[in-house]
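Derivation of every value follows stated rules applied to the coordinates shown; laboratory data play no part. Just so it is clear, the structure is predicted and the values come from calculations on it, not from any experiment. Counting neighbours? That spans all protein chains shown, and the Cβs are built from the backbone with ideal geometry, glycine included.
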Amino acid sequence: MDFKNWLTPPPPERTAPLPDARERTTIKVEIAIVLLVTFGLSGMSSILSLVEDALQTAALSDQTVALNSSRSSFSLIDLLFQLLSILRLCAWGGLGLYLLWRADLAPRSIGLARPRLKIDFGHGVGLAALIGLPGLALYLVGNALGFNLNVVPSALDDHWWRVPALILYAPANSGAEEIIVVAYLISRLRRLGLSENASLLCSALLRGSYHLYQGVGGGVGNFLMGLVFGRYWQRTGRLWPLLIAHALIDIVAFVGYALLREHLSWLP
C-alpha cells in the first residue's frame, strides 16, 4: 500500500480545466444554497444547540438528546411524520445526485456504478467496524468526562411500525450524508481547484458540525469519521461501501437501542 498517496492523494486522472470567474461564482453560490438547504443549516443549528446546552446549569453529561422522536400522540400521524422526514433525507440525496449529473458527473462517475456485492459489502462492514467500535468508545469516554450529552438513538413510542421506520431511516440518513457531504461537496470543491486534503477537511468539518448537538465528543467523532470516509472515497472512487457502512452503523444504533433499552439499565 502506498501510504503517501493516502496522505496526499493526487487529483483524479480526468480533471477538467479550472472554471472561469463566472462559473466559479456559480459553483460557490450552488454550494452555499445546497448547504443552507441541507447539512450546513443543520450544522449552524447544532452549534447553537450545543451553546445553549453548555449554558444550562446541568452538566452536558446530565442532559439527554434524542435522535428519533415521536411527533404525535396519534400513531398514524406519527408514522406519516416519520415517513416525511425519511422522504426529506431522500430528497437531499436526490438533489446532490441531480446537481452532480448537471455538472457532467453521472452516478457511475461518483462511485455508484453497479454494486460489486462481495467487495462493496465487505468493505462496508469493515468501515462500519472501524468507525462504530471506536466511536462508541469515544462517546463513552466523552460522556464520562462531561463533554457529551446522553444520546438516545430512538425515542419513538412503541408502535407496530417503530422498527421498520428506524430501518428506513438508516439508508435515508446514509444516502443523504454520503452523497451530499462526500460525493457532492468534495467533487464541487475539486472543481474550484481545492486540493484533495483541503476538500477532505471541509467535508469532515461539515460532518462534525451538524453532530455537535450531541456534544463535543459527538462532533469530534463524526469529524474523524468524515476524514476516514472521505479519504476512502477519494482513493477508491467507490461510494457504495460508505452507504453500506453508514446504514449498518445506524441500524445497529437505532434498532439495537429500541430493542434493548428495556433490558439494559445503563442505557439512557
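Hey, in the GNM for the chain with a 10 angstrom Cα cutoff, which one of R207, R231, R71 fluctuates hardest? Comparing R207, R231, R71 in a Gaussian network model of the chain, the most mobile one is R71. Could you give log10 I(q)/I(0) at q = 0.13, 0.18, 0.19 Å⁻¹ for region 149-268, computed by the Debye formula over C-alpha point scatterers of equal weight, without solvent? Listed by q, the Debye log ratios stand at -0.57, -0.95, -1.02.
Residue-wise HN-Hα couplings along region 210-215, as the Karplus relation 6.51 cos²θ - 1.76 cosθ + 1.60 with θ = phi - 60° gives them from phi, are 7, 10, 5, 4, 7, x Hz; Gly and Pro carry x. Net length available on complete extension from L192 to V51 is 47.5 nm, with 0.36 nm assigned per residue and the Cα-Cα distance removed. Globularity index of region 41-120 is 1.65 (Cα radius of gyration / 2.2 N^0.38 Å, N = number of residues).
Distant-in-sequence amide contacts of V152, defined by a placed amide H-H separation under 5 Å and a gap of 5 or more residues or a different chain, comprise V65, A66, L67. Computed on region 77-222, the Cα convex hull volume stands at 140 Å³ per residue. In order along region 86-102, the Karplus-derived 3J(HN,Hα) couplings, from 6.51 cos²θ - 1.76 cosθ + 1.60 at θ = phi - 60°, round to 5, 4, 4, 4, 4, 5, 4, x, x, 4, x, 5, 5, 5, 5, 4, 5 Hz, and Gly and Pro are given as x.
Across region 247-252, computed HN-Hα scalar couplings (Karplus, 6.51 cos²θ - 1.76 cosθ + 1.60, θ = phi - 60°) run 4, 5, 4, 5, 4, 4 Hz from first to last residue, x flagging Gly and Pro. Taking N as the residue count of region 1-91, its C-alpha radius of gyration divided by 2.2 N^0.38 Å amounts to 1.73.
Working note: Debye formula, equal point scatterers on the alpha-carbon atoms of the chain, no solvent; log10 I(q)/I(0) at q = 0.14 Å⁻¹ is -1.04. Between R71 and A144, how high is the FRET efficiency from 1/(1 + (r/R0)^6) when r is the Cβ-Cβ distance and R₀ = 25 Å? Nearest 0.05. Efficiency for this residue pair is about 0.20.
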